[in-house]
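The values are calculated or read from the model by the stated rules, or taken from the named source; none is laboratory data. Computed from a predicted model, the values in this text were never measured in an experiment. Here the Cβ positions follow ideal geometry from the backbone for every residue, glycine too, while neighbour counts run over all protein chains shown. The area values use the complete protein model at the heavy-atom level, side chains included, leaving out ligands, DNA and RNA. Shrake-Rupley method; radii C 1.70, N 1.55, O 1.52, S 1.80 Å.
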Amino acid sequence: MSSRTDYIAVFDSGVGGISVLRELVKLMPQERYLYFGDSANAPYGTRPTSEVRALTLAAAERLMARGCKALVVACNTATAAAIIDLRAKYPDRIIIGIEPALKVAADHFPGGEVGVMATPVTLREEKFDVLLHRFTDACTVHKIPAPGLVELVESGLAVSEDAEELLRPLLAPYRDRLDALVLGCTHYPFAAPVIGKLLGGHTALLDGGPGTARQTKRRLEAEGLLFDGPGELLIENSSGSQEMIELCRKLLVEH
Ligand code: DGL
């Protein structure tokens, strides 16, 4: 049985989920959060799906053992690979999984040109195909895998010359052409200044963080599990490195 004082656990392959955590904290500052980033095993997005699933289930087990009322999978890749297994394994907990904010893009730009930038795993999984089919009539969708960007964000180089160099050839064909770019990986919002600049400044950058936070609140509210404080924030990382924890704290307040 979950209790109001249990943690909201937030999980990502590394520091990316901080872009979701910041939305959760903004919306529900009085909650107790336990953030776990699996940086020792990042990136997930270029691994076989079976490995991502196994890593995600192992992380969830670790978090569930600490007592949590909700698990927010703040990683599009882990959601694509493992959300069905997580819900089957923990039927009595609230399990929320982030997914690319294609609906937001289709609602705001009907008939528009929309890019979805995400990891190779997210873009190749069936879950994304199902999402895509819901919106193919509403807008034109371009899949844009961006291998290498997660590693730069993990190194604290989200906004850097290196990031600009990596992204320039990838985004050049879309410059001044997209109405919206969906940032379908939770690491990418930290590189938004570089992405926006390379796209020419007229493209709306959308991510699933705010929607995921609202959905988490709705579910907690419906089950009478909202907590009224005092709030708490624990950040843990599988790398065991204090530097990664500091990077998380920096990203949390910076953006
Ligand atoms: N942050 C993760 C996501 O939202 C992926 C990062 C990775 O490849 O490890 O997809």
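For the stretch 166-182, a residue qualifies if it is open to solvent by 10 Å² or more (accessible area, probe 1.4 Å), in contact with a strand residue (DSSP E or B) (Cβ under 7 Å, 6 or more places away or on another chain) and within 16 Å of the ligand (Cβ to nearest atom), and exactly one does: Leu170. Any residue that is assigned to a helix (DSSP H, G or I), under 21 Å from Gly208 (Cα atoms), at pLDDT below 95 and not charged (D, E, K, R) - is there at least one of those in the stretch 57-68? Within the stretch 57-68, not a single residue is assigned to a helix (DSSP H, G or I), under 21 Å from Gly208 (Cα atoms), at pLDDT below 95 and not charged (D, E, K, R). Restricting attention to the stretch 132-153, and to residues there that are β-branched (Val, Ile, Thr) and over 13 Å from Ala118 (Cα atoms), which single residue is nearest to the ligand (Cβ to nearest atom)? In this case the residue turns out to be Val153.
Just one of Ala74, Ala60 is buried (at least 21 other Cβ atoms within 10 Å of the Cβ) and either without any contact (Cβ under 8 Å) to a residue 12 or more places away in the chain or within 12 Å of the ligand (Cβ to nearest atom) (or both); which is it? Don't jump to the end; show me each part of the working.
Working: Ala60 fails: either without any contact (Cβ under 8 Å) to a residue 12 or more places away in the chain or within 12 Å of the ligand (Cβ to nearest atom) (or both).
Sole residue among the options that is buried (at least 21 other Cβ atoms within 10 Å of the Cβ) and either without any contact (Cβ under 8 Å) to a residue 12 or more places away in the chain or within 12 Å of the ligand (Cβ to nearest atom) (or both): Ala74.
Looking at Val116, Val130, Val121, Val150, just one residue is hydrophobic (A, V, I, L, M, F, W, C), within 15 Å of Ala80 (Cβ to Cβ), in contact with a Pro (Cβ under 9 Å, 6 or more places away or on another chain) and open to solvent by 10 Å² or more (accessible area, probe 1.4 Å), and that residue is Val150. Considering the stretch 112-131, the residues that are within 10 Å of Leu102 (Cβ to Cβ) and assigned to a helix (DSSP H, G or I) include one that is farthest from the ligand (Cβ to nearest atom), namely Leu131. The set of residues in the stretch 203-232 being closer than 26 Å to Glu154 by Cβ and either surrounded by fewer than 16 Cβ atoms within 10 Å (Cβ to Cβ) or free of Cβ contacts under 8 Å to residues at least 12 places away in the same chain (or both) consists of Glu232 alone.
Among the candidates Ser50, Ser19, Ser13, the residue that is open to solvent by 10 Å² or more (accessible area, probe 1.4 Å) and of a type in the set (S, T, N, Q) is uniquely Ser50.
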